Each structure stands twice: as C-alpha cells, then as structure tokens.
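One structure follows; several queries about it will come next.
The values are calculated or read from the model by the stated rules, or taken from the named source; none is laboratory data. Fair warning: this is a prediction, and the values are worked out from it, not measured in the lab. Positions of Cβ are backbone-derived with ideal geometry, glycine not excepted, and every protein chain shown enters the neighbour counts.
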C-alpha cells in the first residue's frame, strides 16, 4: 500500500487544484469543490455533493458566520465503502477555499499559476491547505491501487468557507456526515496539533470631529483616538499570553490580536471624523467565546473612559464574521498515538504534540463528539503570505501516514 502512493499523481492533482483561484465568495470556490468531487468519484468513493442552504447558514443561531458574500456554496463528501458499512471509522477533512494573494509584486509570479521549484509546489493555497487535501486523496488512491478493502468506511470531507468561519464543515456535519475520528491535514510543520486557540473577528468604530487640516487643533482626529485604543489593546494582548509557551512551540503570541483593515476619513485635507478598524482577537484554550468577548469589550471601555473625548464618545464594538472557538482532543484519546505511530511507520520522525495558535474547523468535529487533531504537510508560517509553498515530500509522507492510519483505524476486511 505504501508503495502505491503515487508521487506524480499527487503533484498533478495539487497543481490542478492550486490553479483554481478559489477565493471565498467567488465562483472559483464552487469550482474547486466540483473538481474534488470529480476526483473522489474517479477514486471509486460514494460521492455526496449538495448545495449548502445559504439562507439557513445566515439565520441559524449555531451557524459560524461568514465574512464574504456567497451566491452558492457546495458540500462534498466522498466515502470509501467498508465491508461492514455503518459509520466511518475515520474522516479526513480538508478545505479548498483560500485567502486573497495580497500584493502581486511580492510574488515571484502569478500566485495562481503553480510552479514546482526546489522540491516544492509554490502558489496560493499550496500549504493552506490544498496540499493536505491532496494528501488525503492520494491516500485513498493508494488504498484502492493496492486492492485494500476496508472493514469500515473511510470518509473524505472537502469543505469550503474555512477561512471565513467554517461554513463547509458546519454544513457537512449538520448533514449527518459523522465518524469515529477525524484528521485535518492542515500544515503542522511535522507536529501533531491536538488543540487550537480560537479567534474572533471584531469591528471598532470611532467618531471624532472634522475640521480643516489647516486648523487641525479645532478637530478631533479618529486616527489619534485609535492610537490610544490600540495601545490599550496591545497591552491586553501582552497580558493574555501564557507564561509557558512550549505547548505552542514557543510561539511568541499564541493568543494574538491583529488589525487587518483600517479605514479613516474621506478627504486628505480634513481631520478624519470616523475610523473603522477590523481585526482578529485570539481566544485562549479553555476560554469561552463569551468570556473572550467580555474581556475585549471591557478593555475598550476602560480605554475610552480614561480619555477626555472618548469618555463621551466611546468606541463601538461589533462582532462580525467568523466565530472560532478553541477546542482540544480529549486527554488519553487513542488517536494521538495512532497518528504518531503511523508517521514513524510511513518513514517520518515521531511528531511532537503541540497546540495550534489559529482557529480551525477542528472545533466543529470536537463539538460533535468526534476526536480530532491536525497533522499535515507544510508550515503554517508560510500560509497567507507571498512565499506560500509545500514540499512534495511532505505531501507524500502525509499521504502514506493517512493511508496507514485509515487501514489501522478502519480495519482490513
């Protein structure tokens, strides 16, 4: 079975998938899902492809929220049947949506024209996380090529909307596609991630007083007001970091706060009287979303009360877009040692256990009572940046690992 892991086939599948610019909210997001569905069909899996009910996703209180507008979204699940039928023994879940490429001048070429160099596939989405999804497809192909028949089913969940809330995973589980364990091959740089922090998207709106720029002293600049509030938030960020960061691989900011978008003013020679800042606020392990929001709101309120203008014109806090709670694999779950053994037997080094600093789809599986963890090809530090790439050997090691894990978890008929 391990010999049946086909490197050229995996690279070809990754290149074709990266070439689809599957940005959230675009037609290409659906195109990528349909492409994966076709590949799953070719691999002999039973494919369930359905249109996600966007009206339900917009109104259901349990929905995770979205940060882009969509006219369509598709769920895709391919199930490799088992002799005994029933619930899948293992789920492999990967998302096909990607984030924007940013400044094209910082890329060596078109980010959606994948290129192979230095043993890696380069381009937007290669490690986050089309490389991991292709590893799952390659594992299924190896099982089929080797003639392995599983006792219990193996399921591949291809999901969309992960980058802006997790629409696809939410809809997939809501449709009833459950299992006994789940591996999400997000890029983990060789580690096994058994927990992840959460993340919330916020919007801050500040109101000042407009004036002619020649008489700046007569106005109240929202840029300067934001400097005051932002300083308080940076202080909060520092306070929330754990003293021991070893579980996060010594990451300096496991629970980070970042301003992603900032808009102020409407005329260059006018003191800006309105500013809108949107950003990301980390949720600590073991902390509820409600608790995290309360801490953030209290910090903003305290900063405003200590400022002469903001005390009477406080910043408005809104929670928008995706809501990522943190989650963790239950202590003592057999999935962790099973993955570690599979990595070693597939030819890799024994992976250490770590926690991830980013919000992911893992939380949905954990909430559904399905033990889940992350282990996949590539390095998350390259995700969302102009140097995004995934080593081919990482993809193939992941494919061998997932194939072994599937055989051992689902059993051979």
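If residue 206 satisfies all but one of (1) surrounded by fewer than 20 Cβ atoms within 10 Å (Cβ to Cβ); (2) in contact with a helix residue (DSSP H, G or I) (Cβ under 8 Å, 6 or more places away or on another chain); (3) not assigned by TED's automatic domain parsing to the domain that holds residue 126, what's the number of the condition it fails?
In the conditions (1) surrounded by fewer than 20 Cβ atoms within 10 Å (Cβ to Cβ); (2) in contact with a helix residue (DSSP H, G or I) (Cβ under 8 Å, 6 or more places away or on another chain); (3) not assigned by TED's automatic domain parsing to the domain that holds residue 126, residue 206 misses (1) alone.
Tell me which of these residue 314 doesn't satisfy, since it passes every other one: (1) without any contact (Cβ under 8 Å) to a residue 24 or more places away in the chain; (2) touching a helix residue (DSSP H, G or I) at 6+ places or on another chain (Cβ under 8 Å); (3) part of a helix (DSSP H, G or I).
Tallying (1) without any contact (Cβ under 8 Å) to a residue 24 or more places away in the chain; (2) touching a helix residue (DSSP H, G or I) at 6+ places or on another chain (Cβ under 8 Å); (3) part of a helix (DSSP H, G or I), residue 314 fails exactly one: (3).
Would you check if residue 375 is outside the structural domain of residue 140 (by TED's automatic domain parsing) and at pLDDT 95 or above?
No; evaluated as a whole, the condition is false for this residue.
Can you name every residue in region 335-369 that is under 19 Å from residue 93 (Cβ atoms) and without any contact (Cβ under 8 Å) to a residue 24 or more places away in the chain?
369
Here is a follow-up. Which one of 124, 141, 70 is under 22 Å from residue 175 (Cα atoms) and in contact (Cβ under 8 Å) with a residue 24 or more places away in the chain?
Selected residue: 70, the only one of 124, 141, 70 that is under 22 Å from residue 175 (Cα atoms) and in contact (Cβ under 8 Å) with a residue 24 or more places away in the chain.
Just a yes or no: is a residue in region 117-128 loosely packed, with under 13 Cβ neighbours inside 10 Å, outside any strand (DSSP E or B) and more than 21 Å from the chain's Cα centre (by Cα)?
Taking every residue of region 117-128 in turn, at least one turns out to be loosely packed, with under 13 Cβ neighbours inside 10 Å, outside any strand (DSSP E or B) and more than 21 Å from the chain's Cα centre (by Cα).
Can you tell me which residues in region 323-351 are touching a strand residue (DSSP E or B) at 6+ places or on another chain (Cβ under 7 Å) and either surrounded by fewer than 20 Cβ atoms within 10 Å (Cβ to Cβ) or under 24 Å from residue 242 (Cβ atoms) (or both)?
323, 324, 325, 326, 327, 328, 329, 336, 340, 351 - these are the residues of region 323-351 that are touching a strand residue (DSSP E or B) at 6+ places or on another chain (Cβ under 7 Å) and either surrounded by fewer than 20 Cβ atoms within 10 Å (Cβ to Cβ) or under 24 Å from residue 242 (Cβ atoms) (or both).
Kindly indicate which of 148, 134, 156, 77 is in a helix (DSSP H, G or I) and in the same structural domain as residue 180 (by TED's automatic domain parsing).
134
Quickly run through region 357-371 and pick out the residues that are over 17 Å from residue 191 (Cα atoms), in contact with a strand residue (DSSP E or B) (Cβ under 6 Å, 6 or more places away or on another chain) and part of a helix (DSSP H, G or I).
Residues satisfying the conditions are 363, 365, 366.
In the set 204, 200, 233, 285, which member is in a helix (DSSP H, G or I) and closer than 30 Å to residue 162 by Cβ?
233
Does region 181-197 include one or more residues that are farther than 19 Å from residue 380 by Cβ and either assigned by TED's automatic domain parsing to the domain that holds residue 78 or exposed (fewer than 15 other Cβ atoms within 10 Å of the Cβ) (or both)?
Yes, region 181-197 contains a residue that is farther than 19 Å from residue 380 by Cβ and either assigned by TED's automatic domain parsing to the domain that holds residue 78 or exposed (fewer than 15 other Cβ atoms within 10 Å of the Cβ) (or both).
Might you check whether a residue that is at pLDDT 95 or above and under 25 Å from the mean Cα position of the chain (by Cα) occurs anywhere in region 221-232?
So far as region 221-232 goes, no, none of its residues is at pLDDT 95 or above and under 25 Å from the mean Cα position of the chain (by Cα).
Another question about this same structure. Looking only at region 7-45, how many residues end up being in a helix (DSSP H, G or I) and out of contact with any strand residue (DSSP E or B) (no Cβ under 6 Å at 6 or more places or on another chain)?
Of the residues in that region, 21 qualify.
Let me ask you something else. Answer with yes or no whether residue 383 is buried (at least 18 other Cβ atoms within 10 Å of the Cβ), closer than 28 Å to residue 164 by Cβ and touching a strand residue (DSSP E or B) at 6+ places or on another chain (Cβ under 7 Å).
When the stated conditions are applied, residue 383 does not pass them.
Is it true that some residue in region 247-255 is closer than 30 Å to residue 210 by Cβ, in contact with a strand residue (DSSP E or B) (Cβ under 6 Å, 6 or more places away or on another chain) and at pLDDT 95 or above?
Checking region 247-255: not a single residue is closer than 30 Å to residue 210 by Cβ, in contact with a strand residue (DSSP E or B) (Cβ under 6 Å, 6 or more places away or on another chain) and at pLDDT 95 or above.
Within region 144-154, how many residues are surrounded by fewer than 24 Cβ atoms within 10 Å (Cβ to Cβ) and either within 26 Å of the chain's Cα centre (by Cα) or without any contact (Cβ under 8 Å) to a residue 12 or more places away in the chain (or both)?
2
Something else about it: Which one is farthest from residue 250 (Cα to Cα), of the residues in region 173-196 that are touching a helix residue (DSSP H, G or I) at 6+ places or on another chain (Cβ under 8 Å) and not in a strand (DSSP E or B)?
Applying the filter and picking the extreme gives 173.
Every residue, every condition in (1) assigned to a loop (DSSP other than H, G, I, E, B); (2) in contact with a helix residue (DSSP H, G or I) (Cβ under 6 Å, 6 or more places away or on another chain); (3) over 28 Å from residue 288 (Cβ atoms), yes or no:
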{"residue": "378", "(1), (2), (3)": "yes, yes, yes"}
{"residue": "396", "(1), (2), (3)": "no, yes, yes"}
{"residue": "399", "(1), (2), (3)": "no, yes, yes"}
{"residue": "405", "(1), (2), (3)": "no, yes, yes"}
{"residue": "408", "(1), (2), (3)": "no, no, yes"}
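For residue 332, state whether it is on the phi > 0 side of the Ramachandran plot, over 24 Å from the mean Cα position of the chain (by Cα) and either in the same structural domain as residue 167 (by TED's automatic domain parsing) or part of a helix (DSSP H, G or I) (or both).
yes
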